[in-house]
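What follows is one structure encoded as structure tokens, with my remarks underneath.
The values are calculated or read from the model by the stated rules, or taken from the named source; none is laboratory data. Every value quoted in this text rests on a predicted model; they were computed, and no experiment measured them. Counting neighbours? That spans all protein chains shown, and the Cβs are built from the backbone with ideal geometry, glycine included. We work out accessible area using only protein heavy atoms, side chains counted, and drop any ligands, DNA or RNA first. Shrake-Rupley method; radii C 1.70, N 1.55, O 1.52, S 1.80 Å.
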Amino acid sequence: MNRFDYFMPTKMVYGQGVVREAGSSLALGQKALIVTGRSSARLSGALDDVLAVLPGEHVIYDEVENNPSVDTVMQGGALARKEGCDYVIAIGGGSPLDAAKAMAVLAVNDVHALDLYQNGWETRALPIVAIPTTAGTGSEVTQYAVLTIEDEETKKGLRGPDLFPQVAYLDPKYTESLPLGVTRDTAVDALSHLVESYLSKRATAASDLAALQGMALWGTTISALRQGTLDLEARDALLLASSLGGIAIAQTGTTLVHALGYSLTYYHDMPHGRANGVCMQAYLDYTMGVAPERVKTVLELLELDSVEAFGELMDALFIDEVGKIELTAETLAAYVDKAMQTNNIKNSLGDPVESDLSKILSASIK
Ligand code: NAP
Ligand code: FE
């Protein structure tokens, strides 16, 4: 077993009604910057719950787009500074949660967001409250914030211990307003975190605990996900599985699947979870060759007979939604090259080289 330090400082408050029950303890300061997307905070009911109990002042930034940009986090950081906010409440999917984390840094560090990647930051980020409305990224319990970097034509993660939210409020009811397509895309992101963590070189006894439990829970939702009939029990299991995925990748990071998925999102506008999902069967085939016992455990927990059955599940969830992507040999090589430059590759079992990634990607987009 690998040696490890286990660090996950986020207080998790889980269950229906937890935001209203928190009452005035929701506030971590005098004035909140509330960060969200254009609709999720309102549709989910989370914003109403927050505003019903939040003491003190607040200002709302509700312009976060999917796969947030550097410009967006610069705007939010500047707003927090101008308004004198002393903490951040993030409501939404991974996009608003990640953007809020970067804003919490920029609010107290007057630098360009791109500098954060080069030089880190000096002043500790403002404290963050995270309220997820998707069950996918696990960002509410990770130290990562993923932004789109136009200059490099990709997505890149910032990381820092102060990017772990101080408190995460998890209420499965907030995910009930998700359309089926987003429910499936985000569920598959959660699954990819659980699987990639379990198949990471950096897996430890602690990350495995979360990943194993998370995969078992995720498995209980398969037929609801297939049929598109998600009741609150299934949504409850998915939200918890998603947070367990976050806890797992906070320890291990993700692997080559996320590294390849970033180009499918950037160049083909494929939602993040789906971009991971389409690469998963070929990834499991590859990993079966280097760590068969671990891959078999994944399949058993999901009650799937084979890697092909896993692939069939991904097809069933994304059917009619994924246009066939055709890549020239040159483009494929460029995506592989980008993926090879990420740290995620170093986490992958089997020490994959370019030819392995080429095989995985070309098998995935058929
Ligand atoms: P998202 O981009 O946050 O949201 C997708 C869509 O769902 C948006 O249109 C959003 O609306 C809508 N939505 C969210 N919650 C809703 C609800 N309850 N009801 C109705 N609509 C709702 O999707 P995501 O998959 O959760 O996040 C993806 C991002 O997270 C990517 O940038 C990815 O790279 C990142 N990520 C981060 C980590 C991490 O550890 N930090 C891990 C994995 C992925 P709005 O327009 O209102 O937002
Ligand atoms: Fe992800």
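Using only the C-alpha atoms, the convex hull of the chain corresponds to 119 Å³ per residue.
Roughly how tilted is helix 232-252, in degrees to the nearest 10 and between 0 and 90, from the longest Cα axis of the chain? Orientation of helix 232-252: about 80 degrees from the principal axis. Taking the chain as a Gaussian network, where each spring joins two C-alpha atoms under 10 Å apart, which residue of 117, 266, 87 fluctuates the most? Result for the chain, Cα springs under 10 Å: 117 fluctuates most. So what's the angle, to the nearest 10 degrees on a 0 to 90 scale, between helix 354-364 and the longest Cα principal axis of the chain? For 354-364 against the chain, the angle is about 90 degrees. Of 328, 221, 133, the residue with the greatest mean-square motion in the GNM of the chain, using alpha carbon springs below 10 Å, is 328.
Set the Förster distance to 41 Å, then compute FRET efficiency between residue 48 and residue 156 from the Cβ-Cβ distance, nearest 0.05.
It comes to 0.75.
What number comes out for the charge environment of residue 67, summing +1 per Lys or Arg and -1 per Asp or Glu over other residues with Cβ under 10 Å away? Here the count lands on -2. Each part reduced to its alpha carbon centroid, the range 226-297 and the range 156-224 end up 8 Å apart. Along its three principal directions, the equivalent ellipsoid of the range 108-238 from the Cα gyration tensor extends over semi-axes of 30, 17, 15 Å, largest first. Accessible surface comparison of 124, 294, 202, probe 1.4 Å, protein chains only, largest first: the order is 124, 202, 294. Shown is the FRET efficiency for residue 25 and residue 334, computed with R0 = 45 Å from the Cβ-Cβ distance and rounded to the nearest 0.05: 0.35. Annotation: amide H-H contacts under 5 Å for residue 44 (H modelled 1.01 Å from N, sequence separation of 5 or more, or interchain): none. Projected onto their three principal axes, the Cα atoms of the range 279-356 cover extents of 38, 33, 17 Å, largest first.
Placing +1 on each Lys and Arg Cβ and -1 on each Asp and Glu Cβ, with no other charges, gives the range 272-366 a dipole about its Cα centre of roughly 300 debye. Suppose R0 equals 56 Å; then what is the FRET efficiency for residue 3 and residue 325 from their Cβ-Cβ distance, rounded to the nearest 0.05? Between residue 3 and residue 325 the formula returns 0.85. Per-peptide packing, taken as the mean over residues of other Cβ atoms within 10 Å, places 190-196, 151-157, 203-209, 231-237 in the sequence 190-196, 203-209, 231-237, 151-157 from highest down. Pairs of Lys residues in the chain are counted when their Cα atoms are under 23 angstrom apart and they lie 8 or more places apart or on different chains; the count is 29. Accessible surface of the range 284-366, 1.4 Å probe: 50 percent of it comes from carbon and sulfur atoms. Per residue, the convex hull around the alpha carbon atoms of the range 48-110 comes to 77 Å³.
Nearest 20 debye, what's the magnitude of the dipole of the range 133-288 about its Cα centre given +1 on Lys and Arg Cβ and -1 on Asp and Glu Cβ? Present the calculation step by step, with values, prior to reporting the outcome.
On the way: 10 positive and 17 negative charges, 59 e Å.
Dipole about the Cα centre, nearest 20: 280 debye.
So, with a 1.4 angstrom probe, what is the percent of accessible area on the range 11-173 that is carbon and sulfur? Can you show the working numbers first?
Details: 2850 of 6320 Å².
Summing carbon and sulfur atoms, their accessible area is 45 percent of the total for the range 11-173.
Helix 205-219 and the long axis of the chain differ in direction by around 80°, with both axes built from C-alpha atoms. Residues in the chain average 41 Å² of solvent-accessible surface per residue, probe 1.4 Å, ligands and nucleic acids excluded.
Express as a percent, rounded to the nearest 5, the fraction of DSSP beta bridges in the chain (both residues included) that run antiparallel.
Here the share of antiparallel DSSP bridges comes out near 25 percent.
Placing pseudo-labels 7 Å out from each Cα toward the beta carbon at residue 119 and residue 71 gives an inter-label distance of 2.4 nm. For the chain, the mean residue ellipticity at 222 nm estimated from helices alone is -16000 deg cm²/dmol, where every DSSP H run of n ≥ 4 contributes -39500 (n - 2.57) and the total is divided by all residues, rounded to the nearest 500.
Of the residues 190, 203, 167, the one whose Cα sits farthest toward the positive end of the charge dipole of the range 142-218, with +1 on the Cβ of Lys and Arg and -1 on the Cβ of Asp and Glu, is 203. Restricted to Cα atoms, the range 11-173 shows a radius of gyration and a Dmax of 14.3, 44 angstrom. Placing +1 on the Cβ of every Lys and Arg and -1 on the Cβ of every Asp and Glu, with no other charges, gives the chain a dipole of roughly 620 debye about its Cα centre.
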